[in-house]
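Below: one structure, written as structure tokens.
FYI, it's all coordinate maths here, none of it is from the lab. All of these numbers come straight from a predicted model, not from anything done at the bench.
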Amino acid sequence: MNALQLAYLGDSVWEMIIRYDLVLQKLNVHHLHEQSIKQVNACAQAIILEKIYASLTDKEAEIVRRGRNAHPKHTVPKNQLPYHYAASTGLEALFGYLYLTGQDDRINMIMNIIRNQEQTENG
């Protein structure tokens, strides 16, 4: 699959993981939606990619690079910065790749890195 196809699938994988984590917090639906929006957007995903990039394998970093560089007609949504949009596509491509190759343990490892960093930052 090309990088945009991986990102298309990875977008769904990422959102499902975030929604699952939020449901475990037993928030009401309104708060679930608000929290989801905060984590499933280009800026938030770009920040997360920066935090986990050093933990990626060479193959994973290559998938991210391909995702960052693959944009149809190089368009960016009005409310997003080009860097954030490209980085988020890279993160989504990574999750799409890991999902398609059956690397659920690796997805869990990356999510644990993200969760641990968030806990450290939030005290």
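Things worth noting here:
- Between region 22-49 and region 102-116, the alpha-carbon center distance in angstrom: 17
- Diffusion coefficient, µm² s⁻¹, Stokes-Einstein with Kirkwood Rh over alpha-carbon pairs of region 3-122 at 4 °C and 1.567 mPa s: 89
- Only Cα pairs under 8 Å and 6+ residues apart enter the sum, and on that basis the relative contact order of the chain stands at 40 percent.
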